[in-house]
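Just so you know, all these numbers are worked out from the coordinates, no wet-lab data involved. All values reported here derive from a predicted model rather than from experimental measurement. Backbone-built Cβ (ideal geometry, glycine too); neighbour counts: all protein chains shown.
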2 protein chains.
Amino acid sequence: METTIPSETVFLPVQGGRASEDIALKLEAAILDGRLTPGERLPSEREMQVQFGTGRGVVREAIQVLKQKGLLEVRKGAKGGAYVRRLEVANVSESLALFLKQRPVEKEQLIEFRESMDQTITLLAIARATPAEKTRLLEEAERFAGLLRKPEPDLALAGEVDRQLNIMLARMARSPLFEWVMQALQLGLSSHDYALYENPLYRERAALNWRDTALSIADNEPLRALSYIGRHYGLLRQCVVETQDLPAEPEAPLFTDVDLPS
Amino acid sequence: METTIPSETVFLPVQGGRASEDIALKLEAAILDGRLTPGERLPSEREMQVQFGTGRGVVREAIQVLKQKGLLEVRKGAKGGAYVRRLEVANVSESLALFLKQRPVEKEQLIEFRESMDQTITLLAIARATPAEKTRLLEEAERFAGLLRKPEPDLALAGEVDRQLNIMLARMARSPLFEWVMQALQLGLSSHDYALYENPLYRERAALNWRDTALSIADNEPLRALSYIGRHYGLLRQCVVETQDLPAEPEAPLFTDVDLPS
DNA sequence: TGGCAGCTAATGGTCGTACCATTAATTGTA
DNA sequence: TACAATTAATGGTACGACCATTAGCTGCCA
């Protein structure tokens, strides 16, 4: 970056010289600095093959990588090709979820992280959100409590509402970074942590606690809100230690023929 | 694709039928549920080409995707091939960093977020890191201060050391999630906030402040540490308002020939 | 016997061509 | 005018060939 000539090669020796990586990096750089903008269409593979002076396979591999990163979307047929995409939080979540799948993190660490984020977000939300937003949050929390008070609550729906509550709160904090990280967590942990609501004992207490938190926020009472948040995660911790993980599903045969688009 | 056995296809219609995606999914599933474990070697491309009943290009594209996800590492030459890898926090951070790169955020919001993370991480590090780690951190901070005290400091090196300091601290917190976010910030924002060290006025103060922070951590003095962190970000804010963004670097020509491994 | 040079084979990386499948636009026809 | 058939552009796949790299083997030489 600073030495002009050797800059690119010094930066990334790319382990063994791979043309496809070079191309991927060039395209990625072009997308990130705006030379290629979302919605725009890249040249066709056959054109790029010529423009980069390589074989088509190399171009395809580069495109595959960027597609996997979420930077490109590939359509086939006439007017097909690689289109630049705007990244979504879901891409980050996917990556996080993958990581958590291969390296199960202690639940305690997840809880700890979320609790910390929640505390900060709540303080920011109290300071910055409009009264209307606060009222809306309270309404949703009441609705949530209502859902879980039923004898046979729809747990999937409840989980979704809980997620929405968290995201709404994050948005009220007026900080995109907190919002994004929170969303990524919510999406990436969908399977993980809603054990709290499966247990009827904790269920109602947790729901009421959410409502009280929302109430404290609406009343601009930060300390009270933090207290309720602490109680929420206390419940969650208590619930988690009582719950054990179940073993995984049976294994499928690997290396069988792929279904071809016949 | 969907006519024979509905089971797999119901899960993921995979937009338009792509053999390479099928293979990638199968391999990924095998890795995630333990049929393939880290360090293990997959069959060679030519073997898989036969076992999956497809062309070699398809197999290569699947491998590329998994490699990009961080699940595989490819070595060439004899005894080469695709080896299963353990995911690292850096992989997730990379994804988040990429996302952040595509979405410009206000500097103040970045600072705010980092400050909040730093506070929490510091408290955790004080509580959990070993004395040896704390000593090491202090040594690095001293080295950092030494670097910036020179009349003509190497700013690139200083930035790198600063980055390492932050990551070291995050690791000391014993929380992969905090490590994740912190690394992502370091990766995605490297160019952003090292303006602090370009200004000789702030430079030395910031460096000394880092050292004092490390000292407080080594002494297990959380409140003092938080105080220094507050001062650090105070300096950063002050510095940022005085600095204006420079226009971007000149654009490089896209679609030029790739350097081939001649 | 020991060590080093050179050979060998396995394997990923690249190229090129050919063909198929899909899709939007065009053209032709009722 | 509406609908059907054709066309052309484009991604998806297959196959075969060759190069570059690398670990291990072979064998010569000191």
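Each Lys or Arg adds one and each Asp or Glu subtracts one; over the other residues with Cβ under 14 Å from the Cβ of residue B:135, this totals -1. Across the options B:123, B:109, B:137, the greatest Cα extent toward the positive end of the charge dipole of the stretch B:91-153 (unit charges at beta carbon of Lys, Arg, Asp, Glu) belongs to B:137. Once both labels are positioned 7 Å from their Cα atoms along Cα-to-Cβ, the gap between residue A:88 and residue B:155 label points is 4.0 nm. If the reach is capped at under 27 angstrom between alpha carbons, list the lysines near residue B:134, excluding any in the same chain fewer than eight residues apart. Reachable lysines: A:107, B:150.
Mean partner shielding of peptide B:114-127, defined as the number of other chain Cβ atoms within 10 Å of each residue Cβ, is 2. Taking the inverse of the mean reciprocal distance over all distinct Cα pairs, the Kirkwood hydrodynamic radius of the stretch B:136-246 comes to 14.4 Å. Sorted shortest first, the separations between the residue B:174 label point and its copies elsewhere in the assembly read 3.8 nm; each point sits 7 Å from Cα along the Cα-to-Cβ line.
State the extension gain, in nm to one decimal, for the chain segment bounded by residue B:33 and residue B:132, taking 0.36 nm per residue of separation less the distance between their alpha-carbons.
Details: separation 99, 0.36 × 99 = 35.64 nm, distance 3.68 nm.
Answer, rounded to one decimal: 32.0 nm.
Take the alpha-carbon centre of the stretch A:60-84, take the same for the stretch A:85-147, and report the distance between them in whole Å. Between the Cα centres of the stretch A:60-84 and the stretch A:85-147 lies a distance of 31 Å.
Cut-off under 27 Å on the C-alpha distance; same-chain residues fewer than 8 positions from residue B:79 excluded. Which lysines are left, in chain and number order? The reachable lysines, counting only those whose Cα sits under 27 Å from residue B:79, are B:26, B:67, B:69.
How do B:221-233, B:147-159 rank on mean C-beta neighbours within 10 Å, highest first?
Ranked by mean Cβ neighbours within 10 Å, highest first: B:221-233, B:147-159.
Across peptide A:60-68, the mean count of Cβ atoms from other chains lying within 10 Å of each residue's own Cβ comes to 5.
Order these by the 10 Å Cβ neighbour count, fewest first: B:74, B:65, B:59. Working shown, then result.
Working: B:74 19, B:65 24, B:59 28.
Going from least to most buried by this count: B:74, B:65, B:59.
log10 I(q)/I(0), Debye, Cα-only the stretch B:110-195, no solvent, q = 0.12 Å⁻¹? Calculated log10 I(q)/I(0) at the listed q: -0.36.
Over the stretch A:14-88, what per residue volume does the convex hull of the Cα atoms give, in whole Å³?
Working: hull volume 6.8 nm³, N = 75.
Looking at the stretch A:14-88, the number lands at 91 Å³ per residue.
Cα-based radius of gyration for the stretch B:95-153, normalised by 2.2 N^0.38 Å, reads 1.54.
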